[in-house]
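J.: Would you mind keeping the following structure in view while I ask a few things?
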Amino acid sequence: MRKLAATDPGNTEWQRDLWVSYWRLADLADRQKKADEAQGYWKQALDLLSGIEERGLHLSPEDRQCLETLHKKVSPTAR
């Protein structure tokens with residue numbers, strides 16, 4: 001998935017698939033009480049989603065809500 005998304009950073013569908021995968025991995029790590037691992041995945045998801053926004057590519061209203069949530073999850077006070 002990472003290789004595919006890297007081949008075309010303008011393809012928001014591939015970028016979304018990747019950040020959603022990181023989100024799911026973070027949820028799984030969080031449920032397993034692996035906080036550091038979860039934070040790593042949240043950060044990767046945030047980086048991807050922020051990059052989509054910064055490049056001016058399409059973000060759905062739901063994606064924008066996820067972006068806000070990710071900012072909260074990755075903030076230093078969230079730990």
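No lab work stands behind these numbers, since they all come straight from the coordinates. This structure is a prediction, so every number in the text was calculated from the model and none was measured. Cβ atoms come from the backbone with ideal geometry, glycine included; neighbour counts cover every protein chain shown.
J.: Using a simple charge model, +1 on the beta-carbon of Lys and Arg, -1 on the beta-carbon of Asp and Glu, nothing else, what dipole does the chain show about its Cα centre, in debye to the nearest 20?
T.: It works out to roughly 340 debye.
J.: If you don't mind, another one. Along Cα→Cβ, 7 Å out, is where each label goes; now give me the distance between the ones at residue 11 and residue 43 in nm to one decimal.
T.: 2.8 nm
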